[in-house]
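The values are calculated or read from the model by the stated rules, or taken from the named source; none is laboratory data. Just so it is clear, the structure is predicted and the values come from calculations on it, not from any experiment. Cβ coordinates were reconstructed from backbone atoms using ideal geometry, including for glycine residues, and neighbour counts include every protein chain displayed. Just the protein is used for accessible areas: all its heavy atoms, side chains included, with ligands, DNA and RNA removed. Shrake-Rupley method; radii C 1.70, N 1.55, O 1.52, S 1.80 Å.
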Amino acid sequence: TPVQIKEFGAVNKIDFSPVPPYNYAVTASSRIHIYGRYSQEPIKTFSRFRDAAYCATYRDDGRLLAAGSEDSVIRLFDISGKAPLRQFEGHTKPVHVVGFLSDKYRIFSGGDDYSSNLWDIPSATEIVSYSEHTDYVRCGCASKVNADVFITGSYDHTVKLFDARTKSSVMTIEHGHPVESVLLFPSGGLLVSAGGRYVKVWDVLKGGQLLVSLKNHHKTVTCLCLNSSGQRLLSGSLDRHVKIYSTTSYKVVHSFNYATSILSLALSPEDETIVVGMTNGVLNVKHRKPEEKNEKSRKKRQPVYRTFVKGRTYMPKQEDFCVSKPVKRVLRKYDKLLRGFQSSKALDAVLEPPIMLHTPEVTVAVMQELHRRGTLRSALAGRDEKQVNLLLTFVARRVIEPRFTPVLVTVADMITDIYQPVVGQSAIVDKQFLKLQEAIGKEIDYQEELLEVLGMMDTLFATFTKKRDTCLEENKREQNGLTEIIE
């Protein structure tokens, strides 16, 4: 549920401190209020302004705060004090833009006198003044990559990039409408400008080339903001909406609706809080919900010891009926791959040394299954020198084993057919082919010798059978003779 805080006037700027506890400064009317993350009352107030204050901005270390004003004076405050540390006087009209360069010792500013100035903090003097805009300068930002680069946007429809080492702007981008807000990505390569109904993204490294133009609002876009990772871009508008874009596709992924027109917008460094300032002086604060699920899941992950030993010592009684717990079957890697019809990966899984050496029957079984499916040839094809060498080593070693021979002969035949065109290109593969040839040659010689021995044994067995028959016949005759004599 959002928290509503009433300010004294329209909120023209909200800026989060870059250091914990991530307080935020709200500029409204002639005051700057500092709020804590969850406080509904200001924890500190800077009110040393004669007229309206503008654009209170934190330095990168969160210790200093700079703000412009209606009386054309820029004031620098210490967060722990109340009175201004420095006052920079040089503009002739109200100053709406103030910011720190990334070296922390210089401030840039822009005012309604059409000028963009650079100031030195220690001496409180003006370093350089650029008078290139032809209308009010109302927005600006500094590069975090280069300490000399800052950008200003003006109502003359242009965005200008200044380098403190030069006497004039180094780049001018034509937005096409009065520019209300500018923003640089953390990398410094992309620039976002808002003005009219448009949010435009420019490539600074390509000389200010327009990458994308977004027209998702119905009225003037007044403020821009990036999240901590740079993956989300937020824009607020007078049409009472905050649009959230994905910076990869630049599509609107979310939208917030508010009561009145939006003037300012800020997101906390941890993306936990979004603060929106409106024209009626209301400050709307939304916090991200705390994640309670994680705490519950952590408790579940740490069961007490007695949970594991419960019931271990129970002895079943005579009338008890014991039910065995079903054992969960865990599939091997190659089984999962076979189920997923990934033939080549399944073959790779069973060609690993532990499986090939200790359980070669698994490797052969997978090859047989792939052959049955008709995908063995495609699984064997498209392999590099190392894999072909591994395959041939396995086949040459195991093809002579009778239990594997029928399958491995088919595998050897397919390998020869597939890799015959590349024979002679790799000494390692050629050596394995020769080993396979030698192994098969020896096996054929061995089979021939066995066939000869089998023929000899058949002859011997035939001879033994006849002799046994004659002996039986003689015995029968003798028995018959004896019976005759007895009779």
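Can you spot a residue in the stretch 392-407 that is assigned to a helix (DSSP H, G or I), over 21 Å from Y334 (Cα atoms), open to solvent by less than 30 Å² (accessible area, probe 1.4 Å) and modelled with pLDDT under 90?
Yes, there is a match, as at least one residue in the stretch 392-407 is assigned to a helix (DSSP H, G or I), over 21 Å from Y334 (Cα atoms), open to solvent by less than 30 Å² (accessible area, probe 1.4 Å) and modelled with pLDDT under 90.
Every condition in (1) closer than 23 Å to E89 by Cα; (2) modelled with pLDDT under 90; (3) touching an Asp or Glu at 6+ places or on another chain (Cβ under 9 Å) is met by A52 except one, and the failing one is (2).
Restricting attention to the stretch 414-438, the residues that are surrounded by 12 or more Cβ atoms within 10 Å (Cβ to Cβ) and not in a helix (DSSP H, G or I) total 1.
For the stretch 383-390, state whether one or more residues are loosely packed, with under 13 Cβ neighbours inside 10 Å and assigned by the TED database to the domain that holds G441. Yes, some residue in the stretch 383-390 is loosely packed, with under 13 Cβ neighbours inside 10 Å and assigned by the TED database to the domain that holds G441. Screening L370, L357 for residues that are under 21 Å from T405 (Cβ atoms), aliphatic (A, V, I, L, M) and modelled with pLDDT under 90 leaves exactly one candidate, L357. When we screen A83, A52 for residues that are under 21 Å from S261 (Cα atoms) and out of contact with any helix residue (DSSP H, G or I) (no Cβ under 6 Å at 6 or more places or on another chain), the only hit is A52. Within the stretch 1-51, the only residue that satisfies the criterion of being farther than 23 Å from G99 by Cβ, more than 33 Å from the chain's Cα centre (by Cα), open to solvent by less than 60 Å² (accessible area, probe 1.4 Å) and without any contact (Cβ under 8 Å) to a residue 40 or more places away in the chain is S39.
Go through V388, V327, V399 for me and flag whichever is without any contact (Cβ under 8 Å) to a residue 24 or more places away in the chain and either farther than 30 Å from F433 by Cβ or of a type outside the set (S, T, N, Q) (or both).
V327
Which residue is farthest from V285 (Cα to Cα), if the candidates are limited to the stretch 26-60 and must be of a type in the set (D, E, K, R) and outside any strand (DSSP E or B)? It comes out as R50. Every condition in (1) open to solvent by 40 Å² or more (accessible area, probe 1.4 Å); (2) in contact with a helix residue (DSSP H, G or I) (Cβ under 7 Å, 6 or more places away or on another chain) holds for L191 except the one numbered (1). Take L357 and decide whether it is within 25 Å of K336 (Cβ to Cβ) and of a type in the set (A, V, I, L, M). Yes.
Scanning the stretch 171-187 for residues that are assigned to a loop (DSSP other than H, G, I, E, B) and more than 34 Å from the chain's Cα centre (by Cα) gives G176, H177, P178.
Residue-wise test of (1) surrounded by fewer than 17 Cβ atoms within 10 Å (Cβ to Cβ); (2) at pLDDT 90 or above; (3) under 40 Å from the mean Cα position of the chain (by Cα).
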{"position": "A67", "(1), (2), (3)": "no, yes, yes"}
{"position": "I74", "(1), (2), (3)": "no, yes, no"}
{"position": "K82", "(1), (2), (3)": "yes, no, no"}
{"position": "P94", "(1), (2), (3)": "no, yes, no"}
{"position": "V98", "(1), (2), (3)": "no, yes, yes"}
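Taking the criterion of being over 29 Å from the mean Cα position of the chain (by Cα) and crowded, with 17+ Cβ neighbours inside 10 Å, the residues of the stretch 259-278 that qualify are S261, I262, L263, S264, V276, G277, M278. Among the residues of the stretch 335-350, how many are more than 12 Å from V362 (Cβ to Cβ) and small (G, A, S)? Qualifying residue count for the region: 3. Of the strands (runs of 3 or more DSSP E) lying entirely inside the stretch 188-270, the ones with 2 or more residues being closer than 23 Å to K160 by Cα and touching a residue at least 12 places away in the same chain (Cβ under 8 Å) are found at 190-195, 198-203, 209-214, 221-226, 232-237, 262-267. Looking across T158, T166, one residue alone is surrounded by fewer than 19 Cβ atoms within 10 Å (Cβ to Cβ) and β-branched (V, I, T). It is T166.
Kindly indicate whether L460 is open to solvent by 90 Å² or more (accessible area, probe 1.4 Å), modelled with pLDDT of 90 or more and either in the same structural domain as Q368 (by the TED database) or more than 23 Å from M356 (Cα to Cα) (or both). No; evaluated as a whole, the condition is false for this residue. Could you tell me which of the residues T459, T416, T410, T463 is hydroxyl-bearing (S, T, Y), without any contact (Cβ under 8 Å) to a residue 24 or more places away in the chain and closer than 26 Å to A381 by Cβ? Just one listed residue meets the conditions, T416.
Going by what's in this entry, would E361 be described as open to solvent by 70 Å² or more (accessible area, probe 1.4 Å), free of Cβ contacts under 8 Å to residues at least 60 places away in the same chain and part of a helix (DSSP H, G or I)? Yes, satisfied.
Only one entry in H254, H175, H217 is within 26 Å of V11 (Cβ to Cβ) and loosely packed, with under 13 Cβ neighbours inside 10 Å, namely H254.
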